[in-house]
1. Only residues in the range 2-16 that are in contact (Cβ under 8 Å) with a residue 24 or more places away in the chain count as the first member; pair them with residues that are surrounded by fewer than 16 Cβ atoms within 10 Å (Cβ to Cβ) and charged (D, E, K, R), Cβ under 6 angstrom, at least 6 apart or cross-chain, and list the lot.
2. Only one of (1) touching a residue at least 12 places away in the same chain (Cβ under 8 Å); (2) part of a helix (DSSP H, G or I) fails for Leu91. Which number is that?
3. Ser27 fails exactly one of the following numbered conditions: (1) touching a residue at least 40 places away in the same chain (Cβ under 8 Å); (2) surrounded by fewer than 15 Cβ atoms within 10 Å (Cβ to Cβ). What is the number of that condition?
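Values quoted throughout were computed directly from the atomic coordinates according to the rules given, and no laboratory measurement underlies them. Keep in mind it's a predicted model, so treat the numbers as computed, not measured. Neighbour counts run over all protein chains shown; Cβ positions are idealised from the backbone, glycine included.
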Amino acid sequence: MSWIVLILSGVLEAVWATALGRSEGLSKLWPSVIFGVALVASMGGLAFAMREIPTGTAYAVWVGIGAALTVVVAMISGTEAISVVKVLLVLGLVGCVIGLKLVGDSH
């Protein structure tokens, strides 16, 4: 259950990061509201997941999912250019997150 919550929290990190960018310095109402709600939910989920998942692994997975999805959303929406190098780097980031999940429970 903790891993599912952590993954959803990583997705919410991408939501709040994208909303923050679209809020124009928190000057637009709805992106600012989405930012605040997603931020609280994302942090709450991270805190919940860290009850069972080691801090370093949980944080790295949370940030990795959020960062990768934020870049993908930006590329799809056209606010960031798409390049082969960027796509390969995002795939590498996703691979590292998967690797942390696979070795995260072994001591």
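1. So the pair list comes out as Ser2/Glu52.
2. Just one mismatch for Leu91, condition (1).
3. (1)
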